[in-house]
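Readers should treat all values here as calculations from the given coordinates under stated rules, not as data from a laboratory. All values derive from a computational prediction rather than experimental measurement. Ideal geometry is used to build each Cβ from the backbone, glycine not excepted, and the neighbour counts take in all protein chains shown.
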Amino acid sequence: MKLGFLKKKLIKDLIFISLTLLSLGILLAFALNAEKGTEQQLARIEREKADIKAKVIGSQKEYDSLVQALETYKSIPRKRLPAADSLDTPASRIRASSPIVEILKKRYYFPSLSTQLSAITQEKLSNIKTITVSSNDIIIDFEGMTDELVFSFISTMIDEFPGYLQLKQLKMNRVSDIAEPVLNSITKDRTLVPLVRGNIVFTWKTLQGSDLGQNKN
Amino acid sequence: MTASAKWGYKMDLESVFNVEKKKFVVSIGDEGAILTLVDGGKLLKRAFATSPSSKDFMGMFSSAPKAPIYILVDVVDQAYIQHTLPPVSALNINKLVSRKLEKDFDENDIKAALQIGREKEGRKDWQYLFVSVRNIPPVSEWVDAIANLDNPFGGIYLLPVEGMNLIKDIKKVLRPSIPTQGEVKWDILVSHNRVGGFRQIVFKNGQIVFTRIAQPIGGQTPDVVAGNIEQETLNTIEYVRRLGYVDEEGLDVYIIASRDVKNVIDVNTIPARSHYILTPFEMAGKLGIQGAAEESDRFGDVVAAVYFANCKSHIISLHTEYTKQIKNLYLLRVIARATAIIVGVGILGFSANSFTNSVGLRSKLSDANDSIIKAEEELRKVKLERSKFGAEADRIKEITDLDRMYSKDNKFPLDFMSTYAGIVGFTMFTDSITMDIVENADSKNGIKSLFNVQFEKENMRIDRVLDDIDLFTSDVRKRFDGYKVEFKGLPDQNTLKLQEDKADAQKNITIQVDISSPQDNKMGAGIGGLNR
């Protein structure tokens, strides 16, 4: 009699325990799921944060680079900047170069100096979208007094020319010694006697684009 | 009905998990049964009945339906047999005891075995006390009636066996300072009980040796009862002598009887070292269970029952087959509940831990969200600053890039020539220069140059010219360290002497110097930073 009663109680206990444990299991599953979900959400947010931080750093670098570029830009001589007279035709280049060459020919005592300009080409550079670069060679045949004067001429050409002048080639030979007849000719006849002869090849590049130079302070 | 018991099983699991403090103890004797309801050591109820058919008596259990019922047996039909068992391993001794119990006792007896010691020397035999109760009326009637009640069943216990706890505590309070040398080995506890009569239990070194019970003869007057007690005690001592007792070993006698009996007992008739005669009321006071008896109480049953209920552990519980099944069901419930509690607490622990983690993560999540808001604000500000440059930004950047690219190296050929011009020789002069600016593999400007150098030898000593050439070549190499330098037309002394002897000897020695930038650009920077 009592055994049956106890068995029923045991079964009731087991059912209650099973249901309780099941409920607790569901609670645990819910808690673990919530924890995992939060972890995933946190990981996503952390990735997002890292992404934004990287963007901030990238933008800051870009901004700093721009500020630095602006400072550099302000220090660039105006003659090198893109201008209204963009020197993209042979005629404009001849007009711009001839006076400078003539002045320097006299300044550095060249007995003879002739200039030739090659055809103008437009250079396409990667990463350069808004600026066009026009380029050609300047070939100068000369007879000069001394090699020092020739080098000074080259240096001044690089400094004075609009745009950018780069020495490409130099050939120079000594044509005579500084002997007595030569010295006499220089001092008495006041004629320029060449001691060196050769040719110089420059590459001349000018920039074309919007007239930013006009806005320079 | 088969009876069995767990030997050495001193505490019921039910009692561990039972939060109910109330307990019923039913002392069963041949004359009837006494019910005692105890709550934390306090006696709440007591009642007497001659048989389980008493409805008033049986109805009292429903007053505390969750209180477990313990049966304390004090009947005549009990057997106590000491056995010395061979020294088998501790794992096998239970099987051996079980087999011997089945063999020595009747199948229907309620029986158990109590380990009372093990020899420390020699074979180390096991010492066991086998106990049994005949499962016949009145015991069987009471057990069946009580086991079928709704109350939890606490088990069947034997009063003489549980008396081992009682004698230990009695000796603690009555003989607290016995020196070890004078330790009394033998004790006799005599209790005048309502349900059984004169229960006498003999202990040696605190272990039960045997027990006997006697019924009062000749009436219930104090003189008669005292005489019975004296005589029965004497009989017991005589029996103890046959078990090996000698006077030198020492014997104490403890008697529980009514005050009237106590007053007339002549202890001089009992040959013992010490005699302690206490009334049930005095005994309850000594044991710290003052409410267990009244001053007028004449019997020791109730004090023993309350003491038993108050004990934290019992010596041994016995079961019939039926009560064993009941016990197992209780045990299953306890195990199920204990397992459920452990698993439940574990799950709750995990859940709480997970919840705590989630809270921590949510806090981090909130911080991360705040950081994102700040980062986005920072990004917005930077973009705003960047936007102030407008459309000109790209052009400015491109112009500065081009300027850096085209201005960078445009004077370095002149620096190169300046370095060369620093080379001075007494007899040398440069006749021609050829210089080409070339683009290296890594898009950096390099240089290829060729110098024709003349050394005058006319009117010069040969060794002086050669010294001058040596000086020149070493100076070139030193100044253009890192460049590729080659000399062509370098003479030696013999060549020069040979030329001297010839009529058409040349006036000058011509050397070609080829200086060019290193191809791999891994070499040093060269002079004046020319190698860029």
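A few remarks follow.
- Centre-to-centre, using Cα atoms only, the range B:30-101 and the range B:337-408 are separated by 74 Å.
- Across the alpha-carbon set of the range B:331-423, the Rg to Rh ratio works out to 1.67, Rh being the Kirkwood radius.
- Rounded if a/c under 1.5, otherwise prolate or oblate - the range B:49-89, Cα gyration tensor axes: oblate
- Per residue convex hull volume, Cα atoms of the range A:61-144, in Å³: 140 Å³
- The Cα atoms of the range B:38-136 cover 56, 31, 21 Å along the three principal axes, with the biggest extent listed first.
- Once the Kirkwood radius over Cα pairs is known for the range A:74-115, the Stokes-Einstein relation at 25 °C and 0.890 mPa s delivers a diffusion coefficient of 202 µm²/s.
- The DSSP beta bridges internal to the protein assembly as shown are antiparallel in roughly 85% of cases.
- Along its principal axes, the range B:315-381 has C-alpha extents of 89, 21, 7 angstrom, given from the largest down.
- Among B:82-88, A:27-33, the peptide with the highest mean count of other Cβ atoms within 10 Å heads the list, and the full ranking is A:27-33, B:82-88.
- When the Cα convex hull of the range B:160-285 is projected onto planes of every orientation, the mean area is 7.4 nm².
- The value given for chain A is a Kirkwood hydrodynamic radius of 24.8 Å, derived from the mean inverse Cα-Cα separation.
- Peptide-level mean, for B:318-331, of C-beta atoms on other protein chains within 10 Å: 2
- Within 10 Å of each Cβ in B:349-360, the average number of Cβ atoms from other chains: 5
- Reference-scaled alpha-carbon Rg (2.2 N^0.38 Å with N residues) for the range B:394-493: 1.47
- Relative contact order computed over the range B:160-303 (Cα-Cα under 8 Å; 6+ residues apart), in percent: 24 percent
- Restricting the calculation to Cα atoms, every distinct pair contributes to the Kirkwood radius of chain B, found to be 33.4 Å.
- Normalised size of the range A:1-119, defined as Cα radius of gyration per 2.2 N^0.38 Å with N residues, equals 3.20.
- Each Cα pair under 8 Å and six or more residues apart adds its separation to the average, and for chain B the resulting relative contact order is 13 percent.
- In the elastic network of chain A, a GNM with C-alpha springs shorter than 10 Å, the most mobile of A:Ala50, A:Ala91, A:Ala119 is A:Ala50.
- Pairs of alpha carbons in the range B:242-340 whose separation is greater than 16 Å (percent): 71 percent
- If you take the alpha carbon atoms of the range B:104-182 and fit the smallest convex hull around them, that volume is 163 Å³ per residue.
- Relative contact order (%) - the range B:140-230, alpha-carbon pairs under 8 angstrom, separation at least six: 19 percent
- Counts of other chain beta carbons within 10 angstrom of each beta carbon in peptide A:22-29 average 4.
- Set the Cα radius of gyration of the range B:219-295 against 2.2 N^0.38 Å, with N its number of residues, and you get 1.21.
- All-pairs alpha carbon distance profile, the protein assembly as shown, 10 Å steps from 0, percent: 2, 10, 13, 11, 7, 5, 4, 4, 3, 4, 5, 7, 8, 8, 5, 3, 1, 0, 0
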